[in-house]
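Below is one structure, written out as structure tokens; comments come after it.
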Amino acid sequence: MKTELEKAIKERILILDGAMGTMIQRHKLEEEDFRKGAFENHNKSLKGNNDLLSITRPEIIKDIHRQYFLAGADIVETNTFSGTWIAQADYGLEDAVYRINYDSAKIAKEVANEFTDKPRFVAGSIGPTNRTASISPDVNDPGYRAITFDELVGAYKDQVNALMDGGVDILLVETIFDTLNAKAALFAIDQVFEDRNEKIPIMVSGTITDQSGRTLTGQTTEAFLISLSHMPLLSIGLNCALGASLMRPYLQILSQKSPFGVSAHPNAGLPNEFGKYDESPEMMADQIKEFLDEGLVNIIGGCCGTTPEHIKAIAELAKNYKPRIYNF
């Protein structure tokens, strides 16, 4: 699969899927959906812990993956954005981490294997956790940290091993707001590769939090790239916070300076006052056309607010363009 992926990214712009959470919200799930068959007696509320649905309602997650593949996605992400013990500690489910990641990878791969028209890939989604290694959560104690680098490494190692056991083709370290967290994830991945004597491609995607062009911890786009360029990556890119139009100047920087592929999966615009995303598939595709006209990307998809309809519009557009040229 690694060889097929390397071949595919040279030949065409690869399409990443859209938002998992947006699609899950359409089902209007209740507490029992997050407990079914596994966590009925758990002593904390589990509603909203979407990663659990890979265990309790796998048919929903499979259908979402299938819809994105049918829309034209080459790559779907596993339902594991909160798949570390750090994130699952809020629900008292640290012990469920292996199963969450393994089951999520397994069902995504099963759906990918249903499609034989072209190679389809599964990216193991590795989220940033809900703690930061660079910033104190206590304004009265700026030296305090809620997590250590070693704890992050251990949590990420557990997640990566389970994702690889489940059969993912790619590891995607995404929505990075703190590069130190991302460094812990990449260090963990490197250790897992060494332990397993096995390597798979790595994608990295940061998030620019506002129009200052910086991550939450203050790095510029170029600094973010330089900080992570020691790893041999399949791609480096941006996702989430900004819609496509506001993301473009920062993608231009990555495109000019990155020795790797460049990816983008923006939100469907900025959220409205109700937290909803208003950009239609056509509106979003029109903005992404500028990325393609300028040859900025090798991988394109969607983040918050995007649906199979958005991905279909993007895929239909992208097939008319060549991928960004860089040194492989």
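Figures for the structure shown
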item: Counted residues, the stretch 274-310 - those being out of contact with any strand residue (DSSP E or B) (no Cβ under 9 Å at 6 or more places or on another chain) and either closer than 19 Å to Thr209 by Cα or aromatic (Phe, Trp, Tyr) (or both); result: 3
item: Cβ pairs under 7 Å, 6+ apart, first in the stretch 283-295 and without any contact (Cβ under 8 Å) to a residue 12 or more places away in the chain, second surrounded by fewer than 20 Cβ atoms within 10 Å (Cβ to Cβ); result: none
item: Residue in the stretch 185-199 that is part of a strand (DSSP E or B) and surrounded by fewer than 16 Cβ atoms within 10 Å (Cβ to Cβ) present; result: no
item: Looking only at the stretch 202-218, and only at residues there that are of a type outside the set (Val, Ile, Thr) and surrounded by fewer than 21 Cβ atoms within 10 Å (Cβ to Cβ), the one that is nearest to the chain's Cα centre (by Cα); result: Leu216
item: Per-region count, the stretch 55-79, residues touching a residue at least 40 places away in the same chain (Cβ under 8 Å) and either in a helix (DSSP H, G or I) or aliphatic (A, V, I, L, M) (or both); result: 15
item: Matching residues, the stretch 9-54, being surrounded by fewer than 18 Cβ atoms within 10 Å (Cβ to Cβ) and not in a loop (DSSP other than H, G, I, E, B); result: Lys10, Glu11, Gly21, Gln25, Glu31, Glu32, Asp33
item: Flag for Val160 being touching a strand residue (DSSP E or B) at 6+ places or on another chain (Cβ under 7 Å), free of Cβ contacts under 8 Å to residues at least 40 places away in the same chain and under 22 Å from Asn79 (Cα atoms); result: yes
item: Matching option when the condition is within 13 Å of Ile86 (Cα to Cα) and touching a helix residue (DSSP H, G or I) at 6+ places or on another chain (Cβ under 6 Å), among Phe187, Phe149, Phe115; result: Phe149
item: The stretch 80-109 residues that are without any contact (Cβ under 8 Å) to a residue 60 or more places away in the chain and more than 10 Å from Leu163 (Cα to Cα), paired with ones that are part of a loop (DSSP other than H, G, I, E, B) and polar (S, T, N, Q) (beta carbon under 6 Å, 6 or more apart); result: Ala87/Thr129; Ala87/Asn130; Tyr91/Asn49
item: Of all residues in the stretch 246-279 being surrounded by 14 or more Cβ atoms within 10 Å (Cβ to Cβ) and assigned to a loop (DSSP other than H, G, I, E, B), the one that is modelled with the lowest pLDDT; result: Leu270
item: Hey, Asn101 part of a helix (DSSP H, G or I), under 17 Å from the mean Cα position of the chain (by Cα) and of a type outside the set (A, V, I, L, M) or not; result: yes
item: Test: residue in the stretch 219-227 that is in a loop (DSSP other than H, G, I, E, B), surrounded by fewer than 21 Cβ atoms within 10 Å (Cβ to Cβ) and either among the aliphatic types (A, V, I, L, M) or at positive phi (or both); result: no
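Table: residues versus (1) buried (at least 22 other Cβ atoms within 10 Å of the Cβ); (2) among the hydrophobic types (A, V, I, L, M, F, W, C); (3) over 20 Å from Cys303 (Cβ atoms).
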site	(1), (2), (3)
Tyr98	no, no, yes
Phe115	no, yes, yes
Ala155	yes, yes, yes
Asn161	no, no, yes
Leu172	yes, yes, no
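The values are calculated or read from the model by the stated rules, or taken from the named source; none is laboratory data. This structure is a prediction, so every number in the text was calculated from the model and none was measured. Note that each Cβ is placed from the backbone with ideal geometry, even for glycine, and that neighbours are counted across all protein chains shown.
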